[in-house]
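Next up is a structure, given as structure tokens.
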Amino acid sequence: MQVFSIGKIQKSIFYISFYGFLFFFTKNNNNNFSRLINDSIFILLLNLNLKKSPPYLKLSDNPYSKYRHMNYNQYTAHSATTKVLSFNEGLRNYMLGIYNYMTVALMLSSVVAFFAARSGLAIAIFSSPIGILVSLAPLGISMYMGAKFNSLSVSGARTTLLLYAATMGLSLSTIFVVFNMADIFRAFFITASMFAGMSLYGYTTKKDLSSYASILFMGVWGVFIASLVNIFLRSSQLSFMVSIFSVVIFTVLTAYDVQKLKQSYYAVSHNQELATKFSIFGALQLYIDFVAIFVHLLNIMRAMRGGDDR
């Protein structure tokens, strides 16, 4: 059974060539504003690529989905209760696994970014042509995960996620050069609070958030286009507005993604290996939502401080 659809090669070439253009356009203009715009657009490209990659399995594909609407005329109360409790425990473990993988990925990215910035490696990399390879590495890895999802083993998917987190940390290491630690910690805790609240809402709400999918993705594309335009306009006001809109979009996307991941368990609960790989890919999706909120909150703080970097 095909789990993930493979994107067209033309789309992959577009992402790579376009981001390469952005990198070369801004690398000669060695200031923090250009680098921050570059990072913001890169995160948008990652998100657009991932949102198109994983069409979730239909609930009808899962032989155990009938337990969601169990007919007690067909099953005894004891057996029905046992099945429901077992399923709910499996769902909790599945979601906990997603958040555990995401947490490990965020910690790895933070450590890599911090030491790369403090050691001077970040400046050395991004002041040379090697910077484009480092910047493109997370995008390439995310495409690889989507394309090879069916053939990857659990250990292979786990290793790929860790490799992605490490290269993403290196790619975003200039954050520790641009911003002071107080702003970084403040943005992190605000992001964590917002992320936790929307995750809880997405997990517990009975409302079908898929009805907002088209609006959310249109919003992501709108942010992407506005960020692209601002590469040429270099407007701090537009950058500020884009960041505010981005925080709203990716915050809502967090709830949407959590609900979709929860629903995906109904389709993979009968296959432990498939469920584990889904949890790894789900961690990657939530990781990008978190990082997008974090980066744009930093940009908002920078704008409110009057544009001073440190």
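Read-outs throughout are calculated quantities, based only on the coordinates presented, and are distinct from any laboratory measurement. All of these numbers come straight from a predicted model, not from anything done at the bench. Cβ sites come from the backbone with ideal geometry, for glycine too, and all protein chains shown count toward neighbours.
Calculate one ³J(HN,Hα) per residue across the range 203-211 by plugging θ = phi - 60° into the Karplus curve 6.51 cos²θ - 1.76 cosθ + 1.60, and present them in order as whole Hz with x for glycine and proline.
7, 9, 5, 8, 6, 7, 7, 5, 5
Let me ask something additional. Near LEU209, within a Cβ-to-Cβ distance under 13 Å, what is the net charge of the other residues, with Lys and Arg +1 and Asp and Glu -1?
Residues near LEU209 contribute +2 overall.
Points 7 angstrom from Cα along the Cβ direction at SER153 and ASN180: gap in nanometres?
About 5.0 nm separates the two model spin labels.
Sticking with this one: Mind ordering 200-206, 168-174 by average Cβ neighbours within 10 Å, highest first?
The most tightly packed comes first, giving 168-174, 200-206.
Need one number: nm distance between label points at TYR201 and PHE115, each 7 Å from Cα along Cα→Cβ, rounded to one decimal.
About 3.8 nm separates the two model spin labels.
Next up: So what are the ³J(HN,Hα) numbers for the range 242-251, from phi and the Karplus equation (6.51, -1.76, 1.60; θ = phi - 60°), rounded to whole Hz, Gly and Pro as x?
Coupling constants for the range 242-251: 4, 5, 4, 5, 5, 4, 5, 4, 6, 5 Hz.
Would you calculate the separation in nanometres between label points at SER127 and MET107, each defined as 7 Å from the Cα along the Cα-to-beta-carbon direction?
Reported label-point gap for SER127 and MET107 is 3.4 nm.
Which entries in the list LYS207/LYS277; LYS148/LYS260; LYS206/LYS277; LYS207/LYS262 go over 19 Å, if you measure between the two C-alpha atoms of each?
LYS207/LYS277; LYS148/LYS260; LYS206/LYS277
A further question on this structure: Mind listing the phi-derived Karplus ³J(HN,Hα) values for the range 184-198, rounded to whole Hz, using 6.51, -1.76 and 1.60 with θ = phi - 60°, and x for any glycine or proline?
So the Karplus estimates, Gly and Pro as x, are 5, 5, 5, 5, 5, 5, 5, 4, 4, 5, 5, 5, 5, x, 6 Hz.
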